[in-house]
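The values are calculated or read from the model by the stated rules, or taken from the named source; none is laboratory data. Fair warning: this is a prediction, and the values are worked out from it, not measured in the lab. Counting neighbours? That spans all protein chains shown, and the Cβs are built from the backbone with ideal geometry, glycine included. For the accessible areas, the whole protein counts, side chains as well, though only heavy atoms, and no ligand, DNA or RNA atoms are used. Shrake-Rupley method; radii C 1.70, N 1.55, O 1.52, S 1.80 Å.
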Amino acid sequence: AEPELTGSPQELTGYLQNIPQTVRITGQAEKKRPADRAIIHINVKTESRSMAEALSENRVLRGEITTTLLAAGIPTNHIQAAQFSSTPQSGFFSDKIRKHTVENRMKITAINEDEFRAVSELIDAQDEVTYGHTEFELSTKKETERLVLAEACRDAVAKKSLYETELSVDLTPVKFYDGNVSSRQPQRARMQKMAIADMAFSEGASFAPPPVQFDEMVFSATMNVDYKLEAN
């Protein structure tokens with residue numbers, strides 16, 4: 001609980017006047033960077049009366065996929081198994097298992113259009129492989145976040161200097177809050193680029209899709225600083 005304040009009006013006025021006054025200054029910054037890699041999600045599904053056979057067929061098919069992608073120049077660390085599931089299926093009039101479905105989801109990182117097309121051709125060539133979705137990322141995300149946060153700090157300091165000069169006050173920093181950094185893709189650009197990606201993976205397309213362009217990412221940072229306010 002807060003302590004109770006007692007005294008004459010003059011004493012209370014003097015006490016309140018001596019309480020340090022603070023002002024909060026917010027620094028902001030934004031940087032735009034083109035994404036330099038696409039994370040393509042594909043599904044590899046095999047079916048068999050035996051679960052062991054379905055698992056074996058899935059493993060063999062994923063091995064063939066990996067070999068094809070390696071031959072296209074995609075390195076091993078850009079080919080990852082993302083999620084596994086196994087589903088038994090029974091008949092309509094019996095609980096007896098008719099077949100087992102094994103599905104593995106894979107994530108493939110493409111850093112240029114040739115690698116992107118290689119994944120597209122692989123999906124077209126294998127009935128058991130289907131396209132999921134594509135995400136765009138920036139490999140220097142951490143460094144970009146650090147740069148935009150530093151710029152937000154400089155913005156707060158610049159505002160502090162401006163206020164001191166124009167308002168004839170002295171501002172002494174007393175507290176700052178951990179800066180908030182976020183990244184996003186412009187909604188309109190994201191929808192356009194995702195549409196292009198989907199066209200690249202369309203089955204049975206009778207036309208050549210437009211060149212794949214990796215999306216733009218926007219990094220934003222906010223820094224809040226509390227200053228003690230005094231007249232100079």
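Please determine whether any residue of the stretch 13-30 is buried (at least 16 other Cβ atoms within 10 Å of the Cβ), touching a Leu at 6+ places or on another chain (Cβ under 9 Å), assigned to a strand (DSSP E or B) and modelled with pLDDT of 90 or more. So far as the stretch 13-30 goes, yes, one or more of its residues are buried (at least 16 other Cβ atoms within 10 Å of the Cβ), touching a Leu at 6+ places or on another chain (Cβ under 9 Å), assigned to a strand (DSSP E or B) and modelled with pLDDT of 90 or more.
Of all residues in the stretch 95-116, those being part of a loop (DSSP other than H, G, I, E, B) and either more than 27 Å from ALA35 (Cβ to Cβ) or in contact with a Phe, Trp or Tyr (Cβ under 7 Å, 6 or more places away or on another chain) (or both) number 2.
Give the residue that is least open to solvent (accessible area, probe 1.4 Å), with candidates limited to residues of the stretch 159-184 that are free of Cβ contacts under 8 Å to residues at least 40 places away in the same chain and either part of a helix (DSSP H, G or I) or touching a Lys or Arg at 6+ places or on another chain (Cβ under 6 Å) (or both). It would help to see each step written out before you state the result.
Going residue by residue through the stretch 159-184, those that are free of Cβ contacts under 8 Å to residues at least 40 places away in the same chain are 161-162, 165-167, 178, 182, 184.
With the extra rule that they be either part of a helix (DSSP H, G or I) or touching a Lys or Arg at 6+ places or on another chain (Cβ under 6 Å) (or both), the set shrinks to 161-162, 165-167.
Details: SER161: 54, LEU162: 92, THR165: 102, GLU166: 129, LEU167: 114 Å².
Once the filter is applied, the top-ranked residue is SER161.
Take THR46 and tell me if it is outside any loop (DSSP other than H, G, I, E, B) and either closer than 30 Å to ARG146 by Cβ or at pLDDT 90 or above (or both). Taking the combined requirement at face value, the residue satisfies it. Screening ASN77 on (1) in a helix (DSSP H, G or I); (2) surrounded by 15 or more Cβ atoms within 10 Å (Cβ to Cβ) shows it passes everything except condition (2).
Summed over the stretch 65-100, the residues that are more than 17 Å from ILE40 (Cα to Cα) and at pLDDT below 90 give a count of 16. Being open to solvent by 50 Å² or more (accessible area, probe 1.4 Å), of a type outside the set (Lys, Arg) and within 13 Å of ASN104 (Cα to Cα) is the filter here; which residues of the stretch 46-74 pass it? Selection gives GLU47, LEU55, GLU57, VAL60.
Answer yes or no as to whether ILE40 is closer than 20 Å to HIS133 by Cβ, open to solvent by less than 10 Å² (accessible area, probe 1.4 Å), in a helix (DSSP H, G or I) and of a type outside the set (D, E, K, R). Answer is no for this residue. Of everything listed in (1) at pLDDT below 95; (2) open to solvent by less than 80 Å² (accessible area, probe 1.4 Å), the single unmet condition for GLN187 is (2). A Cβ distance below 7 Å, combined with a sequence gap of six or more or placement on separate chains, defines the contacts here; from the stretch 117-139, residues that are in a loop (DSSP other than H, G, I, E, B) reach residues that are among the β-branched types (Val, Ile, Thr) and modelled with pLDDT of 90 or more in the pairs GLU128/VAL44; GLU128/THR46; LEU138/THR144.
Taking the stretch 131-155 as the range and being in contact with a helix residue (DSSP H, G or I) (Cβ under 7 Å, 6 or more places away or on another chain) and polar (S, T, N, Q) as the test, only THR134 passes.
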